[in-house]
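Trainee: Below you will find the structure I want to go over with you.
Throughout, read-outs are computed from the coordinates displayed, never taken from laboratory work. Just so it is clear, the structure is predicted and the values come from calculations on it, not from any experiment. When we count neighbours, we look across all protein chains shown, and the Cβ atoms used for this are built from the backbone with ideal geometry, even at glycine.
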Amino acid sequence: MKLHTATYVMMNVYWFGLAFMWNALHPIVLPALLVERVPDAMKNTYLGAMTFVGLLLAMGIQPLAGTLSDRTRASWGRRRGWIVGGALGSIFFLSVMARSQTLLLLALGYAGLQIASNAAHGPAQGLIPDLVPIHHHGLASGIKSLFDMGGLVLTSLVAGRLVEDGNLTLLFGVIASVLTVSTLVTVVATREPRLPKGMAPGASQLPHRSPTEMPRRTDPLGALRQYPVYVRLLVARFLILLGVYVVQGFAQYFIRDWVRVPNPARVTGNLMAAIGITVTLFVFPAGWLSDRIGRWSLNAMAGALMGVGITLLVFAQSVTAVYAFGAIIGVATGTFLSVNWALATDLIPVGQGGKFLGFTNLATAGAAATSRLGGPVIDGLNAFWPGTAIGYPVAFAFAALATLGGTVLLMRLWHRCGTHLPVVSNGM
């Protein structure tokens, strides 16, 4: 089945709505809601605990749903039914959060949203490896990341202002509307082949694998062990994204307590927008370029630049510095997300995209969840040295070390086996 660039665009519109939702909730909406419901000295702890539990749910649900969708044989495809069901559940739990008056109801709505959203997220990740030839994975992944970042930019500009003005109910309505429209576009415009039972899509396009990457058995519980390079890639991804998520997770409180601005929600939105704009400028060219010069080198360079940007943020003392260093992080993040995703799609076994790209969530959501453990550390350090807000630069310094450590691991992996794996095809 031959696809055109327009098809790659339409199949990825869903990610815009998903990015709009989560980039409004995590850095802007949840911190603003919690600061009204919990003691000020414990706000980082509560934020970290709630999102930690939610992201643990995401780690389990996403690969499970992806695996189940690999086995789905429906008249309209393996993935789209899951996407619709997850979107409907997400809209319901958004309404629960919007109407919550207590911390408990807010937490339950958030947990339900994680379950519903990731039940769609895992299967949706299978669309690119199912439908896109391997020599166009960089292009399709770049388009996906472009929508991810477009959602980040728009929600950062909208959410920060609505929260600052007290229009939270309106914001939840906007989030639900954007998610609904983006889901409909992807589901209606994407055509999945109807497969005979037992046949995997793209079987005729099976790419070359090195001997170390060929599966030795079909035991699903040992699936990851059969692809050791892919596992190491996930470990490097975990460490690199851990640094980013520490910054993102506590950005609003960092700006409030360390930089000391009077309107932290709005400034946080502007920071996320600054990061998103720079990410958007680089994410598509990076994916396209990786199809031609290779994934490994771009991954490593992006990780190193990300570590530098986070290190500089430790020394930020003004809003201008925060924006400037955020832009550096954005350039690196845009390049890394696009190219690392393309590399992951190269390395997974054909026909198991839902399962294996669901496993990437062990790195992605795992990094996000682990980063939330920094909440009690930040509060503890701030309490030990009252009035200094020293917990934030300490946490960000750790974040930089994690990102640079992941980059070193990625470079070692590239040096060891990068030349033996199919990372580019030069359009052939």
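Trainee: According to the square roots a ≥ b ≥ c of the eigenvalues of the Cα gyration tensor, what is the shape class of the stretch 1-155, taking rounded for a/c under 1.5, prolate for a/b larger than b/c otherwise, and oblate for the remainder?
Mentor: Working: a/c = 2.59, a/b = 1.88, b/c = 1.38.
Taking the square roots of the gyration eigenvalues as a ≥ b ≥ c, the stretch 1-155 is prolate.
Trainee: Along Cα→Cβ, 7 Å out, is where each label goes; now give me the distance between the ones at Arg73 and Leu105 in nm to one decimal.
Mentor: Placing both labels 7 Å along Cα→Cβ, they lie 4.6 nm apart.
Trainee: Using θ = phi - 60° and the Karplus form 6.51 cos²θ - 1.76 cosθ + 1.60, what ³J(HN,Hα) does each residue of the stretch 398-414 get, whole Hz, x for Gly and Pro?
Mentor: After applying 6.51 cos²θ - 1.76 cosθ + 1.60, I find 4, 4, 4, 5, 5, 5, 5, x, x, 5, 4, 4, 5, 5, 5, 5, 4 Hz.
Trainee: Per 0.36 nm of contour for each residue apart, how much would the distance between Arg412 and Leu64 grow if the chain were fully extended, relative to their Cα-Cα spacing? Don't skip to the answer; put the middle values down first.
Mentor: Working: separation 348, 0.36 × 348 = 125.28 nm, distance 3.05 nm.
Taking 0.36 nm per residue and subtracting the Cα distance, the gain is 122.2 nm.
Trainee: Still on this model: Order by neighbour count: Met272, Met50, fewest other Cβ atoms within 10 Å first, most last.
Mentor: Details: Met272 27, Met50 21.
Least crowded to most crowded, the residues run Met50, Met272.
Trainee: I would also like to ask the following. For a paramagnetic label modelled at 7 Å from the Cα of Arg191 toward its Cβ, which residues of the stretch 63-103 fall within the zone defined by backbone nitrogen distances under 14 Å?
Mentor: 76-77
Trainee: Would you please classify the overall shape of the stretch 251-343 from the alpha carbon gyration tensor, given that a ≥ b ≥ c denote the square roots of the eigenvalues, rounded means a/c under 1.5, and beyond that prolate means a/b larger than b/c while oblate covers the rest?
Mentor: On the way: a/c = 3.48, a/b = 2.29, b/c = 1.52.
Since a/c reaches 1.5 and a/b is larger than b/c, the shape of the stretch 251-343 is classed as prolate.
Trainee: A further question on this structure: Quick one: which of 314-324, 374-384, 138-148 comes out on top by average Cβ neighbours within 10 Å, and what's the full order, highest first? Write down the numbers at each step before the final one.
Mentor: Details: 314-324: 14.8, 374-384: 18.5, 138-148: 27.3.
Averaged packing, sorted descending, gives the order 138-148, 374-384, 314-324.
Trainee: Same structure, new question: What is the spread of the Cα atoms of the chain along each of their three principal axes, largest first, in whole Å?
Mentor: Cα extents, longest axis first: 63, 45, 37 Å.
Trainee: Could I ask something else about it? If you rank Ile329, Ile83, Ile240 by fewest surrounding Cβ atoms within 10 Å, what's the result? Before the final figure, lay out each step's value.
Mentor: Working: Ile329 27, Ile83 24, Ile240 30.
Placing the least packed residue first, the sequence is Ile83, Ile329, Ile240.
Trainee: Here's another thing I want to ask about it. Note down the nm distance, to one decimal, between modelled labels 7 Å out along Cα→Cβ at Thr388 and at Ala6.
Mentor: My value for the distance between the label points is 6.1 nm.
Trainee: Can you compute the FRET efficiency between Val53 and Val319 using 1/(1 + (r/R0)^6), with r the Cβ-Cβ distance and R0 = 25 Å? Round to the nearest 0.05.
Mentor: Numbers: r = 32 Å, r/R0 = 1.28.
Computed FRET efficiency for Val53 and Val319 comes out at 0.20.
Trainee: If you don't mind, another one. Using packing as a proxy for protection, rank 31-39, 227-235 so that the peptide with the highest average count of other Cβ atoms within 10 Å comes first. Spell out each step's value before the answer.
Mentor: Values: 31-39: 17.1, 227-235: 18.8.
Peptide ranking by packing, descending: 227-235, 31-39.
Trainee: Follow-up question, since we're still on this one. Using Cβ counts within 10 Å as a stand-in for footprinting exposure, how do Arg295, Arg225 rank, fewest first? If you can, show how the numbers build up before the last one.
Mentor: On the way: Arg295 32, Arg225 12.
By the 10 Å Cβ count, ascending: Arg225, Arg295.
Trainee: Using the Karplus curve 6.51 cos²θ - 1.76 cosθ + 1.60 with θ = phi - 60°, what ³J(HN,Hα) values do you get for each residue of the stretch 247-254, in whole Hz, with x for Gly and Pro?
Mentor: Rounded to whole hertz, the list is 5, 5, x, 10, 4, 5, 6, 4.
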